[in-house]
Each structure stands twice: as structure tokens, then as C-alpha cells.
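See below for the structure under consideration.
Just so it is clear, none of the values below were taken in a lab; they were calculated from the coordinates. Just so it is clear, the structure is predicted and the values come from calculations on it, not from any experiment. Positions of Cβ are generated from backbone atoms using ideal geometry, with glycine treated the same way; all protein chains shown enter the neighbour counts.
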Amino acid sequence: MNWNSWIPLLVVASSLLPGLVIFGLAEDRVGLRIGLNMGGALVKFALVAWMLWGVYQGHEFEARLALLPDLELVLRAGPVSLLFVTLSTVLWLVTTVYAIGYLEDSPYRSRFFGFFSLCVTATVGVALAGNLITFLLFYELLTLATYPLVVHRGTKAARRAGQTYLVYTIIGGAFLVLGAMWLYTLTGTLEFTPQGFLDGLGNEHRPALTIIFALLIGGFGVKAALVPLHGWLPQAMIAPAPVSALLHAVAVVKAGAFGIVRVIYDVFGVEFSAGLGVTQPLAWLAAFTIIYGSLRALFQDDLKRRLAFSTVSQVSYITLGVAIAGPIATVGGLVHLVNQGLMKITLFFCAGNLAETLGIHKVSEMNGVGRRMPWTMAAFTIGAFGMIGAPPIAGFVTKWYLGLGALDAGQSWVVFVLAGSSLLNTAYFLPILHAAWFREPPPDWPAARDFGGKETAWALLIPPLLTAAMALGAGLLASLPFSPLAWAKLIADRAF
Amino acid sequence: MGAAHSDIPWAIILILLPLAGGMGCFLWPRAATVLGLLCVSAATLSVIGLGWQLQDAGVYHHAVGGWGAPLGIDLYADGLSLLMLAATALVGLGVSAYVAGYFERKDSNRFWPIWLILLSALNSLFLSADIFNIYVALELIGLSAVGLTALTGGRDALGGAMRYLLAALLGSLAYLLGVVLLYHGFGSLDIKILAERVEDTPALWAALGLVCAGLLLKTALFPLHFWLPPAHANAPAPVSAILSALVVKASFYVLLRLWLEIFAPRAGGAVGELLGLLGAAAVLWGSILAVRQTRLKLLIAYSTVAQLGYLFLAFPLAITAGISAWRAAAYLVLSHALAKAAMFLAAGNLMHFGGHDQIVDLDRVVQRLPLTTGAFALAGASIAGLPPSGGFIGKWLLLEAAVTQGRWDFVVVIVIGGLLAAIYVFKVLGYAFTQADVLRESRAVPASMEWAALSLAIGAILLGLLALPVLGLLDIGNAFGTRETGP
């Protein structure tokens, strides 16, 4: 084992170990807990930066551990993994700051931050997994680590939301294990390979492979909130804001979308799955989800629920981009993995700020809030315009490449889906912005807290500003090397 | 390792030491706890020693008193025996550490002698090469287990113990009749010799029926599981752990041995299929009942009924999959032993703390015992077969055997059983995170009890990463490979 093979392990350990220590900390050891959290996040950041540089130069980072006689646990840093690892590392750092500010003085913080760290460990493991079994292992771990976060509030509603979440995800997990096992008995390997590892299988296996594809996509589709498997997501909104932010932007939903990416690129291979005729139905399903999520979002008055349905819709852009199965659309889908994360986390941070500072939970309570909290609402506005797809924010890049890619692949119907979705996005975001900036504020807010001269606490304000800036940067500076777009192009080059 | 290791008769120590310890505890009750802990630790070290011996020199064979079979008694140890001994030692160590804080003085004085004799009987069962010896060990195990169940008195405990006693005696009796038929028909009690001599005669079939019926009753395979839930749920927690983790596995082990050596080559097909069917029914029925329970310990007991069912799925699958299905069963035995013991010990902590085990009221106690809750959660993950855990490895291997053979009926059962297990585990955990006011005063739980449960649970999880070395040890002596062909 040379030095390079230790790095993926260290990336996983850099949140796992602090997490385990945090479980054992007494509630009042605030300083040590913050130190462990931030220290882990920074170490992880440095390690990931090192890997980014290395992979760009063409180095390999791979760690292997034997699990069963001919099955290994593999952690490997390739371009696709790094896209997701980098996203989760950066956003974990930001979310940790936010969570520290958000949970100040609330009970059970050691438990919260312990599971929070486990959750990120699992996400990074999912990102770095070099074969399907490793992926599954971390994917299930993610389910288990997020459950305590969803029910953290400890109310009856929280328990019910947690139950729903578990029922969906554990059944999804069972589909995955079954699909993976079946695949394994057919091929004898589960190693992620660019362009897939199924080429050797003859025509007689096509029905079985179609079912396996359905099982795998069904399993991942639960977390990626593909309609009709999305039911848990709006309910899970009961969780504290940093959890929602992480769930929607990085961890759970993205792990599902990332799983779909892996299945199509590295298990079945783009050409093989197109030949199997399974990508077209998936594209339709994704398109339907995009429109359906937006329509439902339109009618939600609860801000977090509106954002949740918006996630249902937006995450399917990734699936759609991948399912169109052309090089340009791929770029659009992959870059959205990052872009949606940046924009959605901004929106959730802002929603959390409104709830924490003024007690606002509903869209109808947001009149004039832009005057009371201008910075928060500025970040919100950037996120919202990004979702709509207005240039030069990140979301525009996605829609541009998706549209071009669809035309390139001869699937012009996608353009109408994109247009319709943008229209709907506008319809559910613009009224919020209009109310916040142009309506008269009410005489008093539902539950205002005083932060001296500031609009809210620093730890709550800086994270959304930072992520909003990143969302803007990902659009403005898209043509620079190491931008999400440049990286997605690098991946697409290697996949086709 | 060196010659020093291979000279020590570890197997004999494993049998005699706990026996002597048990008598010592009986004679000097004051020193019982210390003596007991010493004995169990020494037994654990002896298992390690035996493991080394096996790895160096292969299968262990010893003719007691110098008289070999067919005249004398033989001790025999291969990878499968080692796995069972290791499970016994690990669970025994955890339970013993737990007991030191659990019982009052009076109960503790009763517990140690019986438990050490039970340990000795378990060890000798796993080391026996002779079906009459096995009968003696089985009887001893049954009686001491009943004694432990009734340890604290109380109506429910005595009722459970009574049913248990009847089942245990009936089971041994049927087994003994089978042994008599085999001895009469083929003139030996040694398993290996019998394996060479048996022929397809009515006596063999009658013996097969009697032995299977007796052992299935003791293993509590559906529909013969009726005695298990009341006995396991009403015994004191450490006793429940021993019963669910080890005692039911002992009779399963005997069945497995006899099946592999004597019955499978002649009666494989139809009987194996029937056992698989009953196993599948046990998985579904036990899981469903576990989900419906309102008392935590009953839930765990029904979960045992379900998990035992998985072991029997290997019988039909092994007809063509051979080694891989048996390996799955063996791995499940080991990981279930650790996980189930951890679960019962955790339940014991909760009862100790809150004075009850009603699941809906657990929210008042669970959240104040994070280590115990953690133990329950980790053990539950292994029981439900979530990765990474020993349970996952076992079920993955079993699933592999089922998918390879296209046995989709078993695939469905395995998957649904896992889902139901997840449901009943999380049904309990859901309450761990709900906040409620503390209504009544609770009793503090000693740290040793919390850590005993947690260590066993961590062991069950670690098994998920140790599959290669464990399976390597299991292969010593090729217990599954000798006769894997079908009828």
C-alpha cells in the first residue's frame, strides 16, 4: 500500500473519528465539539484538494479491503467521485458552521453532531465507492445515520416522518441489494468500470438485465425522490434546518441521484443501457418528476415544503441529463449535481434564518421581510433566480447544456419540459421574491428575536452568503479550469 | 506457533474447567462471582488456544483415556466446532461481565454454578464425536437451561420454565430413541463410523424422523416454537441472552452435524426441502409476530424464532450450492449469537432502569441510556442484515446461494424477513428519540452492564468486516465439503 492509497481512507476517517469522539462528549463541552467538527471538516477539505490536484494530473487514489472471498471494499478517487466528494466536503464545512449557530443552546447537541458527522462520512463513502457493494454499504449507513437527524426534534410528528423515511429507504435498500446480488451472480464482479461491465453478457440475459436495471433505479430513485417514490421527502422537512439543507443539497437526495449516475455510466454503460432500451423510459420518468414536483411546489404555503417539492423537481434534472445518454446532456446532468446543491443549500439556510430569527415558516408571512433581513433575502434571491435558470447563475449553465444535449441527441421534447419547468419555477419563486421585497412588512413578526444591530447571528448569515456567492461563481466563472462545468466536461470526455 | 501450544489439551480444559468451576462456585458461594469470571475468561483463552492448534495442525482428534472409537469416546474439533465454541466463549464472556452487576447476591449464588455447568455441557457438545455423548450433553444443557429460566421464581418465569422443561425433555427423548435405533441398526455411536455404515433401511428413516423431530423441537423451529417466547421472554435478561444466543444453537449444531455426515447423502432432497419450507415459514411468522409485540423482550424472543428460520433455508439450498449455503448458515449462527445476546442484555438494562419493558413507554427510559440504545441499534442492524455487519454477510451469502439456483421463493422470504426485522428494530428505536417527561424514579444501570451489551453488539458489527479470516477458520477440517452431493 503506498501513500496514495491511504488518502481515500483518511478522507472517510476525517469525519468518522471526530463523530465517534463527539458521541462521547458531555453536552457542555462546546469548545471541544466545535474544534473536532471544524478540524475534521478542514482536514477533509485539505485531503480532497490534494486528491483533486492529483486526479487532474492523472494519479490514482485507491484503497482496497477484502470483504468476502471474491468481493472487496474499494474506495477510489476518480473524476466522477471527486465531483461529489468535493461538493459534500465544501458544503459540510459550511453547514457545520451554520449548524453550530442554529443549534446554540438546544439539547442533545453531542448526539446531533455525532450523527451529523456519520452522515457526512457515509456521503463521502458513497462518493468514493469503487464498486457497487461498497456503494451499498455506505448508502445504507447513510440511511441509518440520517434517521436520528430527521427525528431529532423528538416530537410525534418527527417520529412519524422518521418512520416514513425509513419505510421508503429500507425498502429501496432491499431492492438495491437484490439487484446487486443478481448482477453479481451473472457477472461475478461489481467493480465500477467506465462504459460498464456488462458487455460480455449475451442477448439471453436481456430480460434479467432489464429487471435488474429497474431494481437498481428503483432503489436509488427512492432517495433521488423520483415520482412516485418521493413521498418521504416533504415529510422529512420536520428536521432542523441544517439537516434539511444537508439532506436536500448534499447527502441523501444526491446520494440517490449519484447512484443513478453510477448505474448508467459505470455499471451498465451508456451505450449498453441505451441499447437495452431502458434509458428512454427513465428520461420520461425524470421529465414527469420535474413537472410534477414544480406543480406541487406551486401550491405549498409552507416555505420548507415548497422548497422540498422544488427539490423533487430539480434533482431529476440530474437523472434526465444522464438518461438522455448523450455527451452534452451528460455535462448538464453532472454539473447540476453541484449546482443544485449550491443553490438549494442557500435556499434552505435562508428558510432556516427566517424561522430562527422571525419565526416565519410560511410564504404568506414573508411580506416585506427583505427590508428586515436584506442580506438573507439577497442570498435567497440569488438561489431562487438560479433555480429559475436566469443567467449568469449556476442553474442557467445546467439548463443550457441540458437543452443543447437533448437537441444533440435528437430528443427535442426535452426542451419543452425544460421550458415548462422554468416557467413553473418562476411561478413559485417570483411571488415569494415580490412579497419579500415589494410588499409592506406587517407591524410585528410571528416570533422575532433580537440580535442587536445585526439582522441575525453571524454563524447563520455567513453560510448562505457564501453558498450564494459560490452559486453565482459556478455560473460566472464556468469556463475556468476546476469549475464544476470544466470538471463535468472532463468526466464526459472520459465516459464517451 | 510453537510446540508448547500444540501440547496443551485445550479441548479437555474447555470441558473440565467450567465443570470444576461450577462445583467450586457451589461449594464457596462467596467467591462465586470471582471464580466464575476467572473460569469464563480461562475458557475464552482456551478457545483461542484451540484455534491456534487447529490452524497449525488441522483437525483435532482425541481418544479419551486412550480408548478410541468404536470402544471409547472421541473428542473431535474442526472449523465448525471452533466457530460454535468461539460464539459460546464470546457470548459467555459478555454475559458473565454483565451478570456481575445484574443479580442480587442470592440469585447470583444460584446463577454461577448452573451457568458454568451449562457452559461445560455446551463445550462438550461442540467437541463430541459420538451421538450418545451428544445426548448426555443435550440433556445437561436442557436441564441447566430450565434451571436458569426459573432462577428468580415468579409466576411467569415458572410457567415459562415448565413449558420449557416439557419441550426439552420431549426433545431429548425423541433424540435418544433415534440414537437407540441407529446403534441397534448399525452398531456404532461414533458419527464418522456411522457415516460409513448406514444404509437406506427403514431403521435409518425412523431414526432420521425421531432425531429431527427431537432436535427441531429443541431448536424451536416453526411450528415447534411455542415454548420459546414465554421461556426466553420471562427469564432474567442474561439468561435470555444465553438461551437465545447459545442454547437453541446447540441443538441446531447437532442436527447440522448429523445431517452433513449421516442423513444428507441418503435423504437429502425431500427432507431438506421440508426443512427449508418450515424455515421460510418461521422467518415470516416469527417476524410478523415480533412486529406485533408490545413487550420488548417478547419482541426479541419472536425475533429469535424468525432468525432461526434463516438457518434452515440452508438445507434445501445446500443440495446444489453445497459449501456456500452452509457457510452462510454458520456465519448467521455466529453473528446472531452476538447480536441477540446484545439485544437481550440491552433489554435487561432498560428493564433494570425503568422497571418495565412496555415498548410504547420506553421513551421515558431509552433516551437516558445512550450506550444501551446504541447497543440495541447496532445489534438490530446486524439482525436486520444491514451492512456492514455479520448479519449482512450471512444473508448476502444465503441470498447468493438462492439467486444462483433461481430459488426466487427463498429470495423473497430472505428479503421480506430482513424488511420486517428492520421494522421491529426501528419500532423500538423510534421511541428512543421521542422526548417525554420522566414519570417515575429510575434505577441507575452499572457501566459494566451497558458496556457488556455494547461490546457484543460491536462484535456483531465487526463480523461484517472479518468474513475472510472467520470463513478461513471455518474451513478447517472441511466440515461442509466432505459430503455435499445430493441424493
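The table below gives the values:
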{"read-out": "Sorted by Cβ density within 10 Å, fewest first, the residues A:Val94, A:Val126, B:Val360", "value": "B:Val360, A:Val94, A:Val126"}
{"read-out": "Degrees, to the nearest 10: A:156-187 long Cα axis against longest axis of chain A", "value": "20"}
{"read-out": "Proxy reagent accessibility, fewest Cβ within 10 Å first, across B:Phe26, B:Phe226", "value": "B:Phe226, B:Phe26"}
{"read-out": "Around A:Phe116: net Lys/Arg minus Asp/Glu count, Cβ-Cβ under 12 Å", "value": "+3"}
{"read-out": "Whole-number percent relative contact order across chain B, with pairs defined as alpha carbons under 8 Å at least 6 apart", "value": "17"}
{"read-out": "Cα gyration tensor category, rounded, prolate or oblate, for the stretch B:49-148 with a/c compared to 1.5", "value": "oblate"}
{"read-out": "C-alpha center-to-center spacing [the stretch A:318-346, the stretch A:101-170] in angstrom", "value": "24"}
{"read-out": "Whole-number percent relative contact order across the stretch A:284-416, with pairs defined as alpha carbons under 8 Å at least 6 apart", "value": "27"}
{"read-out": "Relative contact order of the stretch B:108-198, defined on C-alpha pairs under 8 angstrom at six or more residues apart (%)", "value": "29"}
{"read-out": "Around B:Gly187: net Lys/Arg minus Asp/Glu count, Cβ-Cβ under 13 Å", "value": "-2"}
{"read-out": "Label-point separation in nm, A:Ser479 to A:Ile462, each point 7 Å along Cα→Cβ", "value": "3.4"}
{"read-out": "P(r) tail fraction, the stretch B:337-417 - alpha-carbon pairs more than 21 Å apart, %", "value": "42"}
{"read-out": "Estimated [θ] at 222 nm from DSSP helical runs (n ≥ 4, -39500 (n - 2.57)) normalised by residues in chain A, nearest 500", "value": "-24500 deg cm²/dmol"}
{"read-out": "For the stretch B:115-267, Kirkwood radius (reciprocal of mean inverse C-alpha pair distance, Å)", "value": "15.6"}
{"read-out": "Rounded tilt (10° steps) of A:252-262 against the dominant C-alpha axis of chain A", "value": "20"}
{"read-out": "Dimensionless Rg ratio for chain B, taking C-alpha atoms and the 2.2 N^0.38 Å reference", "value": "0.92"}
{"read-out": "Kirkwood Rh in Å, taken over the stretch A:381-496 so that all alpha-carbon pairs contribute", "value": "16.9"}
{"read-out": "Degrees between helix A:3-23 axis and first principal axis of chain A (Cα, 0 to 90, nearest 10)", "value": "40"}
{"read-out": "For the stretch B:320-353 and the stretch B:234-259, distance of Cα centres in Å", "value": "10"}
{"read-out": "Helical contribution to [θ] at 222 nm, DSSP H n ≥ 4, -39,500 (n - 2.57), averaged over chain B, rounded to 500", "value": "-25000 deg cm²/dmol"}
{"read-out": "Neighbour-count order for A:His152, B:His336, A:His59, B:His352, fewest beta carbons within 10 angstrom listed first", "value": "A:His59, B:His352, A:His152, B:His336"}
{"read-out": "Cross-link pairs A:Lys223/A:Lys362; A:Lys344/A:Lys399; A:Lys223/A:Lys344 - those with Cα-Cα distance over 18 Å", "value": "A:Lys223/A:Lys362"}
{"read-out": "Radius 13 Å from Cβ of A:Tyr98, net charge of other residues (Lys, Arg +1; Asp, Glu -1)", "value": "-2"}
{"read-out": "Candidate aspartates and glutamates - alpha carbon under 14 Å from B:Lys297, same-chain residues fewer than 8 apart omitted", "value": "B:Asp156, B:Asp357, B:Asp361"}
{"read-out": "Percentage, to the nearest whole number, of Cα pairs in chain A over 45 Å apart", "value": "7"}
{"read-out": "Separation of alpha-carbon centers, the stretch A:39-60 and the stretch A:398-469, rounded to whole Å", "value": "31"}
